1. Against the condition outside any strand (DSSP E or B), charged (D, E, K, R), at pLDDT 95 or above and touching an Asp or Glu at 6+ places or on another chain (Cβ under 8 Å), how does Glu174 come out, does it pass?
2. Whether any residue in region 490-503 is surrounded by 22 or more Cβ atoms within 10 Å (Cβ to Cβ) and in contact with a Phe, Trp or Tyr (Cβ under 6 Å, 6 or more places away or on another chain) is what I want to check.
3. I need the full set of residues from region 300-324 which are without any contact (Cβ under 8 Å) to a residue 12 or more places away in the chain and surrounded by 15 or more Cβ atoms within 10 Å (Cβ to Cβ), in order please.
4. What are the residues in region 432-454 that are in contact with a strand residue (DSSP E or B) (Cβ under 6 Å, 6 or more places away or on another chain) and outside any helix (DSSP H, G or I), if any?
5. For the subset of region 565-591 comprising residues that are hydroxyl-bearing (Ser, Thr, Tyr) and in a loop (DSSP other than H, G, I, E, B), which member is least open to solvent (accessible area, probe 1.4 Å)?
6. If you take the residues in region 441-457 that are small (Gly, Ala, Ser) and within 18 Å of Ala370 (Cβ to Cβ), which one is surrounded by the fewest Cβ atoms within 10 Å (Cβ to Cβ)?
7. Hey, can you tell me all the residues within region 269-281 that are assigned to a loop (DSSP other than H, G, I, E, B) and buried (at least 24 other Cβ atoms within 10 Å of the Cβ)?
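The values are calculated or read from the model by the stated rules, or taken from the named source; none is laboratory data. What you see is a predicted model, and the numbers here were worked out from it, not measured in a lab. Heads up, the Cβs are rebuilt from the backbone with ideal geometry, glycines too, and the neighbour counts pull from every protein chain shown. Ligands, DNA and RNA are stripped out before the accessible areas are found, and what is left, the full protein with its side chains, is counted by its heavy atoms. Shrake-Rupley method; radii C 1.70, N 1.55, O 1.52, S 1.80 Å.
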Amino acid sequence: MPMGPRIENNKVNGTIRSNNMNSLIDKNKNNKNSVFDIDTIIKVKSVIPRKRQDLLKWYGWGYKDSMFKLHEGKATFTGNRYLIGGKCLPHFIKWVNENFNIDITKPPKIPQIPTYYAESRLPANIKVELESIALVSVDGLDRLIRAHGQTLKDMTLLRANSFPRIPDAVIWPESHDQVLQIVQCALRYNFVIIPFGGGTSVSGAITCPANETRPIVALDTSDMNSILWIDKEQLLAKIQAGIVGQDLEREMRARGFTVGHEPDSYEFSTLGGWVATRASGMKKNTYGNIEDLVVHTRMVTPIGVMEKSCRVPRISCGPEWEHVVMGSEGCLGVITEVTLKIRPLPPVVRYGSLVFPDWEAGFHFEREVARQRLQPSSIRLIDNEQFRFGHAVKTETSWGGVALDGLKKFYITKIKGFDPNKLCVVTLLMEGTADQVADKEKKLNAIAAFFNGVPGGATNGEVGYTLTFVIAYIRDLALEYEIVAESFETSVPWERAAALCRNTKRRVRDECARRRLTHYLVSCRLTQTYDAGCCIYFYFGFNSSECSDALAVYEEIEEAAREEILASGGSISHHHGVGKLRKKWYKRTVSEPGARLLLAAKKTLDPQNIFALGNMAFDEYTPEDTVRSKL
């Protein structure tokens, strides 16, 4: 199936028109029964099966029929789910050799499914009781798949089947009430619950603590994927937390609506995961981050259900405890249901792109757009390294970063004088009425011209936007040819952003030089903008044949890069959360009193440490043996 929220309607010059939207709205106005579908539970048939390995790679990212392949001197991307699927990539091998100098004649190192798994520690009597509540599996591969997220360390341990600890069982509840029963069971028998959503975490948040001696049960939320009701008048929907992003958006679009939350992991991540990590999406300028979309949550904790007694747009009743749920990273309970804002489908969706002579020009353009609050749904600046990567995954033989035909190349390089080794691209996604989109595009082009930017075309914008979903697949290929790579992000005030990018890239280069690494790549993109600052994404990878312990070397360099980010005024994360990967900087970020407040919430909500993930500062928590909680 196609990637992302495709609208199957008229499309001309990069513009998508939803011709049926107005008729849907009119129809709903005339049908009183359709305004509030409170009695109609929509049980969603998920794209992703319970046996995830039937569709997804067990050892890496995404669909198992979609991957980069190098064969007989040619590069292709398999499958038909993405724009580049099933096509030859004529520039790709040259780009790989220029940056990483690998031997593509060697066979790729693709791991085999393990034949041995750690024995389950779940006692038989507990298994029987859990089976009376919901479906349970102690199958080795089911447990291994839910033992990790998508960090480089996760992938390294997964390929070697060397996790110190994996879950002892997997359980699939279908409802809030079943989650209540599972948590009650955990309290009685003192076993650990780790909530598992889409498995896309890049913070180590769902990794089993290596020193945990109690049985560990992975609570897979994927069967809790129903839309409980849609209020078409109030533009709200109540949804079970296990629903996958692409399933949620497909069902909403079929009814003339959109949630609009579209993170890079949108195909596989879940609503509950978005809430638990305080996620952000590529279209947050129009729809907001997850904290802007959430109206109400239900979370099962070991001492009871945490939720507000009323569903209102805002409440002044002391601190907002909804924000204890958002960002809790599975350490306080299981998020079961979420009430979200929804919006009618926009009548027009138009892609666009702008080309700038260098990063500085593109950066100042983005800053001015934010200053004037003219951001379209998505506006992202990619540096020259990513511009050239975009060229590497083009399916045509013509020149260009994301795609530029011969005429545009001549105009940009000869007439405008842009250096192909310095120029940068901004990709745009605009949504609204035809007049709104046209007005926005006109104003953005005017600001771009002031900073010497020129339009690059709608096709560039669409290819650049959807390329985001393909980038994650390249790491699997990299690992097959001894390249280790990862991404990390930060948020930073505008006045520190340009320096942060320079300093961090320089620090990575210096760290590589110290270790005599000669074949590596570091790049960045500006992905989200705010009044007070922006989000910067870094990508870093190197040829690991030049060192003995590639994972350790990578982690040392990334740690140095993060220290540079903090010294330059950035945060430890914009939307990936803290988990175990960034916990060493948590207390420095929130202050000692902030960390103590977090631990106080843990002591109150989970005194037995049933949700013993150890993220953020929670590894400092020691349950009091004298305390026993009952739901």
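1. Yes.
2. The answer is no; no qualifying residue exists.
3. Glu307, the sole residue that qualifies.
4. Correct list: Gly453, Val454.
5. Ser568
6. My answer is Ala446.
7. Ala279, Ser280, Gly281
Condition check ((1) aliphatic (A, V, I, L, M); (2) out of contact with any Gly (no Cβ under 8 Å at 6 or more places or on another chain)) across all residues:
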| position | (1), (2) |
| --- | --- |
| Val138 | yes, yes |
| Thr151 | no, no |
| Pro173 | no, yes |
| Gln184 | no, yes |
| Leu187 | yes, yes |
| Gly197 | no, no |
| Ser201 | no, no |
| Ala205 | yes, no |
